[in-house]
Amino acid sequence: YSIAMTLFEYKEKNPSALPKGFEIVATDISSKVLAIGQAGEYDNISIGRGLPSHMQAKYFKAIGNNAFSVLPKLRNTVKFKQLNLLASYSGLGTFDIVFCRNVLIYFSSENKQKILQQIAATLVSNGSLLLGASESVATVAELFSMVKAPQGMYYAKKT
């Protein structure tokens, strides 16, 4: 939902951006984690961590004592799917951007390579991959180019 909020805020400041809108596919191996995301309900502490009050008011509604629910505008942009990163990605579709932050650190070098190859296959030409600070695409350098940006870096799929 934080990615969706960021995109909505960007589009508000840049109305001609994202002319077709956007859809986010959130994946996890855990059905429990996916159910929490789909419910879109958070306690006061969770919603208050790093989310300014004006954003809370804009994208969430109070649903009880110290609980908040994601508004439909936000909820409708995110689809949740169960995914084992080592299994097939068929059926996921293609993506402009993939966020895979602080996940690869838990896999062997061989499995990282397999995962990165599958991610590359889901990216559109010149699509982007964002990894965690301690992660890289070194094992599949032929598939991605590092791009330095003002606030960090990301990887662009080579065409």
Item checked: Straight-distance crosslink candidates among aspartates and glutamates, where the alpha carbon sits under 17 Å from Lys58 and sequence neighbours closer than 8 are dropped -> Glu9, Glu12, Glu41, Asp43
Note to self: Expected output is a single nm value to one decimal: the length gained when fully extending between Asn44 and Lys114, i.e. 0.36 nm times separation in residues minus the C-alpha distance. What is it?
What the structure shows: 21.3 nm
Next item on the list: Determine the percent antiparallel among the DSSP beta bridges restricted to the chain, to the nearest 5.
Entry: 60
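Cα-Cα pairs above 16 Å in segment 53-132: how many percent?
Values: 2017 of 3160 pairs.
Here the tail beyond 16 Å accounts for 64 percent of pairs.
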Margin query: Going Cα to Cα from Lys158, which aspartates and glutamates come in below 15 Å? Please leave out same-chain ones fewer than 8 positions away.
Written below: Asp96, Glu142
Check: If one takes the longest principal axis of the Cα atoms in the chain, at what angle in degrees, from 0 to 90 and to the nearest 10, does the Cα axis of helix 109-122 lie?
Finding: 70
Item checked: Spatial separation of Cα centroids for segment 1-72 and segment 112-155, in angstrom -> 25
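Show Met153, Met5 ordered by accessible area, largest first, where the area counts protein heavy atoms only and the probe is 1.4 Å. Walk me through the intermediate numbers first.
Values: Met153 85, Met5 10 Å².
Ranking Met153, Met5 by accessible area, largest first, yields Met153, Met5.
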Check: Can you flag which of Lys81/Lys148; Lys11/Lys81; Lys32/Lys148; Lys20/Lys112; Lys13/Lys73 are past 24 Å Cα-Cα?
Finding: Lys81/Lys148; Lys11/Lys81; Lys32/Lys148; Lys20/Lys112
Next item on the list: Please return the longest stretch of the chain lacking exposed loop sites, where trypsin sites (Lys or Arg not before Pro) count only if DSSP places them in a loop and at most 14 other Cβ atoms lie within 10 Å.
Entry: 102-157
Notebook entry, point to check: Can you tell me the Rg and the Dmax, both Å, for the Cα atoms in the chain?
Noted result: 17.1, 52
Check: Among all stretches of the chain without exposed GluC sites (Glu not before Pro) (DSSP loop, at most 14 other Cβ atoms within 10 Å), which one is longest?
Finding: 24-141
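Per residue, how much accessible area does segment 15-117 have with a 1.4 Å probe, in Å²?
65
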Checklist line | Fraction of accessible area attributable to carbon and sulfur, segment 15-104 (%, probe 1.4 Å) | finding: 55
Notebook entry, point to check: Which one of Ala156, Ile115, Met55 is farthest out on the positive end of the charge dipole of the chain, using unit charges on Cβ (Lys, Arg +1; Asp, Glu -1) and the Cα centre as origin?
Noted result: Met55
Check: Between Phe95 and residues 5 or more places away or on another chain, which pairs have amide H atoms under 5 Å apart, with H built 1.01 Å from N, and which residues are they?
Finding: Leu123, Val124
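The values are calculated or read from the model by the stated rules, or taken from the named source; none is laboratory data. What you are looking at is a predicted structure, and each value in this text was computed from that prediction instead of being measured. Counting neighbours? That spans all protein chains shown, and the Cβs are built from the backbone with ideal geometry, glycine included. For accessibility, only protein heavy atoms count, side chains too; no ligands or nucleic acids. Shrake-Rupley method; radii C 1.70, N 1.55, O 1.52, S 1.80 Å.
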